[in-house]
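Take a look at the structure below.
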């Protein structure tokens with residue numbers, strides 16, 4: 001437990017001093033502001049791009065347009081930034097050869113992985129829910145949100161998908177001595193989930209549904225319970241990926257640790 | 001004296017390349033043990049296996065009598081190119097290492113200050129990313145010593161340092177001997193002669209010679225006598241005399257080197273040939289000559 005806390009503090013310091021924390025929060029806060037703003041300005045933007053003389057009727061934006069932006073921007077931009085920031089979570093230790101000093105002091109591979117994953121997930125949690133609250137606040141200010149349902153569950157599921165991605169990128173990162181290996185593996189996992197999702201029957205179990213079916217929950221087309229298997233599989237795979245990351249680091253050392 | 005490390009029949013291959021070949025090695029407790037070998041001889045591989053960072057293919061390693069897999073002996077390690085978290089300063093890094101290594105909080109601060117002063121960077125407050133190679137080497141030694149290790153392993157700690165940095169690092173390592181067993185790998189033989197009391201010569205994955213430096217020099221090689229002559233004719237006559245007596249010798253541009261510790265016999269040869277050299281020196285064997293002899 002002592003080593004876990006100590007290495008978590010080291011990770012937090014690293015994210016602060018290498019500006020990764022700043023970048024992560026800045027991106028998600030900008031997204032949080034951008035979602036309602038884009039929805040609000042969309043009619044004006046569309047109007048300005050129309051050829052002169054052509055008139056179209058664009059419905060006034062609603063709260064659902066703001067949330068549509070949220071569930072489009074966060075998976076498409078936010079999650080990409082998240083993966084880029086954490087792609088070197090373990091491989092950077094290999095590349096910079098900084099792990100040797102820690103392992104020879106008796107740092108256990110499991111402690112190292114768990115402390116890194118805890119910090120990464122905490123940062124994702126903070127940045128994501130800040131983004132959600134900013135979007136929620138502006139949307140509440142500009143529009144009536146009473147027609148939406150299960151705001152929390154819709155957002156929670158996307159958060160769980162982020163947790164799943166962090167575990168995936170951590171596992172991949174523990175097996176590569178470069179930044180790109182973990183990016184390619186994580187990308188491949190997402191592509192495989194996307195290919196599987198082409199068979200509609202699999203969507204109840206596919207973790208990718210947690211990042212694509214959120215508007216269905218908000219609109220009342222689906223209920224939160226419809227995604228229970230996707231949630232369970234995403235969480236189980238997150239645990240499995242974390243275990244894989246521990247195995248990845250354990251390859252570095254075979255000596256029994258104190 | 002008990003062995004701190006005892007290696008028997010250790011082998012290690014990388015693919016088809018056999019780096020260690022049934023290697024046996026014993027490091028006496030409290031000694032400063034020089035592991036000497038040319039680049040690629042397997043020095044770093046031995047160290048990484050002792051540290052548990054690599055697994056051997058066969059053989060056994062015992063640390064203070066315990067099998068390596070069950071040993072809880074604290075081992076400090078200074079890699080050949082020490083790497084750190086560049087965004088930290090030295091105190092932060094030492095504190096991290098101390099806490100990971102299980103040093104009590106009350107003792108850690110004083111131990112950190114003591115070690116950073118010892119290696120001469122106690123007053124440096126900048127981040128490690130701004131350190132020179134020499135400063136990193138000093139911090140590397142300090143971090144290796146933070147957990148008061150029973151064994152300190154230093155992998156070519158002076159290979160990229162300037163003369164004064166090299167001298168300082170060697171002095172620090174030498175001061176660790178006695179309480180701590182130090183294994184020190186290098187291909188700079190003068191460094192070994194300066195601080196080590198035991199040495200092993202590694203060649204083609206095997207220890208070809210080991211013992212104290214004095215023992216090795218005494219038992220494996222005799223003195224050499226170097227002679228310089230005033231003219232090429234004198235030199236030719238001397239060489240002819242050596243050949244007629246079947247005495248081994250070698251020549252370089254200005255001198256003739258005669259192997260053997262019988263100075264008197266060389267004087268007899270000179271006397272019989274009526275020769276008077278310009279210079280005649282008796283050179284005692286050193287580690288470098290010994291190493292070259294073994295390698296060649």
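Of the residues that sit in the stretch B:56-79 and are within 17 Å of residue B:140 (Cβ to Cβ) and surrounded by 22 or more Cβ atoms within 10 Å (Cβ to Cβ), which one is farthest from the other protein chains (Cβ to nearest Cβ)? Steps first, please.
Residues of the stretch B:56-79 that are within 17 Å of residue B:140 (Cβ to Cβ), as a first pass: B:74-79.
Imposing the further condition that a residue be surrounded by 22 or more Cβ atoms within 10 Å (Cβ to Cβ) reduces the set to B:75-79.
Numbers: B:75: 6, B:76: 8, B:77: 5, B:78: 9, B:79: 6 Å.
Here the answer is B:78.
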### Summary
Selection from the stretch B:1-27 of residues farther than 26 Å from residue B:179 by Cα and without any contact (Cβ under 8 Å) to a residue 40 or more places away in the chain yields B:14, B:15, B:16, B:17
### Summary
Restricting the stretch B:224-260 to residues that are under 30 Å from residue B:198 (Cα atoms) and surrounded by 15 or more Cβ atoms within 10 Å (Cβ to Cβ), the one modelled with the lowest pLDDT turns out to be B:224
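Tell me, yes or no, whether the stretch B:179-189 has at least one residue that is closer than 19 Å to residue A:97 by Cβ and modelled with pLDDT of 85 or more. So that I can check it myself, show each step before the final result.
Step one: filter the stretch B:179-189 for residues closer than 19 Å to residue A:97 by Cβ, giving B:185.
Subsequent filtering for residues that are modelled with pLDDT of 85 or more retains B:185.
Looking for residues that are closer than 19 Å to residue A:97 by Cβ and modelled with pLDDT of 85 or more, one finds at least one in the stretch B:179-189, hence yes.
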### Query
Mind checking whether some residue in the stretch B:84-98 is more than 10 Å from chain A (Cβ to nearest Cβ), assigned to a helix (DSSP H, G or I) and surrounded by fewer than 17 Cβ atoms within 10 Å (Cβ to Cβ)?
yes
### Query
Across the stretch B:40-56, which residue is farthest from the chain's Cα centre (by Cα) among those that are in a helix (DSSP H, G or I) and within 18 Å of residue B:18 (Cβ to Cβ)?
B:49
### The one condition in (1) crowded, with 18+ Cβ neighbours inside 10 Å; (2) within 14 Å of residue B:78 (Cα to Cα); (3) within 13 Å of chain A (Cβ to nearest Cβ) that residue B:148 fails to fulfil
(1)
### Task
Report yes if residue B:169 is within 25 Å of residue A:1 (Cβ to Cβ), modelled with pLDDT under 90 and crowded, with 18+ Cβ neighbours inside 10 Å, otherwise no.
no
### Query
Scanning for something away from every other protein chain (no Cβ under 14 Å), in contact (Cβ under 8 Å) with a residue 40 or more places away in the chain and in contact with a helix residue (DSSP H, G or I) (Cβ under 8 Å, 6 or more places away or on another chain), does the stretch B:37-55 turn up at least one residue?
yes
### Task
Report yes if some residue within the stretch A:25-38 is within 14 Å of chain B (Cβ to nearest Cβ), modelled with pLDDT of 85 or more, surrounded by fewer than 19 Cβ atoms within 10 Å (Cβ to Cβ) and assigned to a helix (DSSP H, G or I); otherwise report no.
no
### Query
If you check every pair at least six apart or on different chains, which have Cβ atoms under 7 Å apart with a residue in the stretch A:98-123 that is more than 14 Å from chain B (Cβ to nearest Cβ) and modelled with pLDDT under 90 first and a residue that is crowded, with 21+ Cβ neighbours inside 10 Å and in a helix (DSSP H, G or I) second?
none
### Task
Identify the single condition in (1) at pLDDT below 90; (2) within 27 Å of residue B:98 (Cα to Cα); (3) more than 14 Å from every other protein chain (Cβ to nearest Cβ) that residue B:198 does not satisfy, given that it satisfies every other one.
(2)
### Task
Residue by residue through the stretch A:75-97, note down the ones that are out of contact with any helix residue (DSSP H, G or I) (no Cβ under 8 Å at 6 or more places or on another chain) and either more than 14 Å from chain B (Cβ to nearest Cβ) or in contact (Cβ under 8 Å) with a residue 24 or more places away in the chain (or both).
A:76, A:80, A:94
### Checking residue B:9 against (1) in a helix (DSSP H, G or I); (2) in contact with a strand residue (DSSP E or B) (Cβ under 8 Å, 6 or more places away or on another chain), the condition it does not meet
(1)
### Task
Inspect all residues belonging to the stretch B:29-39 and state whether any of them is at pLDDT 85 or above and more than 18 Å from residue B:199 (Cα to Cα).
no
### Query
Say we look at the stretch B:119-141 and pick out the residues that are over 27 Å from residue B:39 (Cβ atoms) and within 12 Å of chain A (Cβ to nearest Cβ); which of these is surrounded by the fewest Cβ atoms within 10 Å (Cβ to Cβ)?
B:129
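Look through A:85, A:89 and report the one residue that is outside any helix (DSSP H, G or I), modelled with pLDDT of 90 or more and within 25 Å of residue A:184 (Cβ to Cβ).
On the way: A:85 fails: outside any helix (DSSP H, G or I).
A:89 is the lone residue from the list that is outside any helix (DSSP H, G or I), modelled with pLDDT of 90 or more and within 25 Å of residue A:184 (Cβ to Cβ).
The values are calculated or read from the model by the stated rules, or taken from the named source; none is laboratory data. Just so it is clear, the structure is predicted and the values come from calculations on it, not from any experiment. For neighbour counting, all protein chains shown are included, and Cβ atoms are generated from backbone atoms with ideal geometry for every residue, glycine included.
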